[in-house]
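The values are calculated or read from the model by the stated rules, or taken from the named source; none is laboratory data. Model, not experiment: these values are computed from the prediction. Counting neighbours? That spans all protein chains shown, and the Cβs are built from the backbone with ideal geometry, glycine included. Quick note on the areas: whole protein, heavy atoms, side chains included, nothing else; ligands and nucleic acids left out. Shrake-Rupley method; radii C 1.70, N 1.55, O 1.52, S 1.80 Å.
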Amino acid sequence: MTATTVPEPVVVDELITETADRLFGELCTHEAVQAAEDSGGAPDIWEAFCETGFDLIAVPEDAGGSGGTLAEAIEVLRLVGYHSAPIPAAENGILGGWLLAEAGLERPDGLVTVVPPRATDGGWSGGGTCSASLNGDGTAVLSGETHRVPWARSAEAIVCVCECDGTSMVVSVPASVCTITPLPNMAGEPRDTVSFDGATGRAAPAPEGVDASALAQRGALSRVALMAGAIEKMCQLTVSYTNERVQFGRPVARFQAVQQHLVWAAQDAALVRMAAEVAAREATRGDAPFEIAAAKLVANQAAARATKACHQAHGAMGMTQEYPLHHFSRRLWSWRKEYGSDAHWSAVLGEMATGVGADGLYPLITSGTAALG
């Protein structure tokens, strides 16, 4: 008989979920989120978030982080999306903190953000042309312009992955030496243009497994988590509203046409949360390119369906600034374009499927990345 090794379970501490949910529930009021959109940030919310250590969760303690697993960090991001918290939670820890820790670079005391890698197929939002030349003293000079860099105007350091003489390098540049043009995304969150123009920063070779492709996958996973939370809360808002709104003598939730919208939204909320949890679990154990690609595609498509269903059920109320539905739908419309569009991840999954051949397709579907060998 052949012994089968059972993977260690990936468990998220319930205290993390409870603490993050309570923190955001108290601070992320409708007024606070609206104000952050007007000002380009929410320093009070960010400060409280950092005091809990959630800003650096999954970054090793010996690298200045809070420790914890990637799955726990993804759970925190889900709650960021659920409460539409206007903070750079993904960029500072899961992305920027991870890059700096893996490359052995010192992280600054303040906020860190990341330049998104740019896909060659165009199915991407953000990134740009960025090149580095090494000085030989542990520094590098960056040139080029990058677009839609999250929260660059508030960052102390901007981290990017560059190819230099055939080697992937992680470069951390002080934001103060860059030219930053503030621009918002559809939800009013900063997605700025950064021009390096000879900016000098600390550089180190990226270890094996840390490159633009790995950053793209990790960034996609972060967006899936955020979208899972936002769709779930948007669905709950819709159920509550349609049960309270009375038309022709009864709640509109009792009309069959409205019920169909509620079912579609609920299905998408459950589907994306499950996809996020599976991808986070496998990414915590090791590489998970199939699970992450599938999860991002599922989340992108679900976001389009769910926002349509929820706005249709709300009618005109859902389009008003005074009602919070737009905080979630506009974030979803923005996040679904970041770190890969439907077309991009469909192509990635297609390449995986054709790569394993006809006999490998079913194992790929049932076993995921493990079937890629």
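On the principal axes of its alpha carbon atoms, region 279-373 extends 52, 26, 20 Å, with the longest extent given first. Between residue 267 and residue 346, the modelled label-to-label distance comes to 1.9 nm, taking each label 7 Å out from Cα in the direction of the beta carbon.
The rule of thumb for compact globular proteins, 2.2 N^0.38 Å, goes into the C-alpha radius of gyration of the chain 1.01 times.
Applied to region 94-103, the Karplus parametrisation 6.51 cos²θ - 1.76 cosθ + 1.60 on θ = phi - 60° returns per-residue 3J(HN,Hα) values of 4, 9, x, x, 5, 4, 5, 5, 5, 8 Hz, with x for Gly and Pro.
Computed with every protein chain present, the accessible area of residue 114 is close to 0 Å² [probe 1.4 Å].
Taking the accessible area of the chain, probe 1.4 Å, and keeping the other protein chains in place, the carbon and sulfur fraction comes to 53%. For residue 358 and residue 14, the FRET efficiency from 1/(1 + (r/R0)^6), where r spans their Cβ atoms and R0 equals 41 Å, is about 0.40. Given region 113-267 reduced to its alpha-carbon atoms as identical point scatterers, what log10 I(q)/I(0) does the Debye formula return at q = 0.12, 0.17 Å⁻¹? Debye intensities relative to I(0), on a log10 scale: -0.62, -0.95. Residue by residue, region 337-349 carries 3J(HN,Hα) couplings of 8, 8, 6, x, 7, 4, 5, 4, 6, 5, 5, 4, 5 Hz when phi is fed to the Karplus relation 6.51 cos²θ - 1.76 cosθ + 1.60 (θ = phi - 60°); x denotes Gly or Pro.
Using a probe of 1.4 angstrom and keeping all protein chains present, the accessible surface of region 280-373 works out to 45 square angstrom per residue.
What's the extension gain from residue 200 to residue 213 if we count 0.36 nm per residue and subtract their Cα-Cα distance?
On the way: separation 13, 0.36 × 13 = 4.68 nm, distance 2.40 nm.
Once the chain is fully extended between residue 200 and residue 213, it gains 2.3 nm.
Extension gain, residue 250-residue 181: 0.36 nm per intervening residue step, less the Cα-Cα distance, totals 19.7 nm. Between the C-alpha center of region 28-91 and that of region 279-319 there is a gap of 20 Å.
Spacing of the modelled spin labels on residue 322 and residue 278, each 7 Å from Cα toward Cβ, amounts to 4.3 nm. Enumerate the amide H contacts of residue 67 below 5 Å, restricted to partners 5 or more residues apart or on another chain; note that Pro and chain-start residues carry no placed amide H. Placed amide hydrogens put 58, 59, 61 under 5 Å from residue 67.
How big is region 181-304 by the Kirkwood estimate over distinct Cα pairs, in Å? Answer for region 181-304: a Kirkwood hydrodynamic radius of 17.5 Å. Over every Cα atom in region 1-94, the radius of gyration and the widest Cα-Cα span, Dmax, amount to 15.9, 65 Å. Put one equal scatterer on each alpha carbon of region 262-334, apply the Debye formula with no solvent term, and list log10 I(q)/I(0) at q = 0.17, 0.22, 0.24 1/Å to two decimals. One equal scatterer on each Cα of region 262-334 leads to -0.67, -0.92, -1.01.
Note on the chain: dipole from Cβ charges, positive end direction compared against 367, 85, 354; the farthest Cα belongs to 354.
Could you give the accessible area per residue of region 146-245, probe 1.4 Å, as a whole number in Å²?
36
A probe of 1.4 angstrom, applied to the heavy atoms of all protein chains, finds residue 351 with accessible area near 130 square angstrom.
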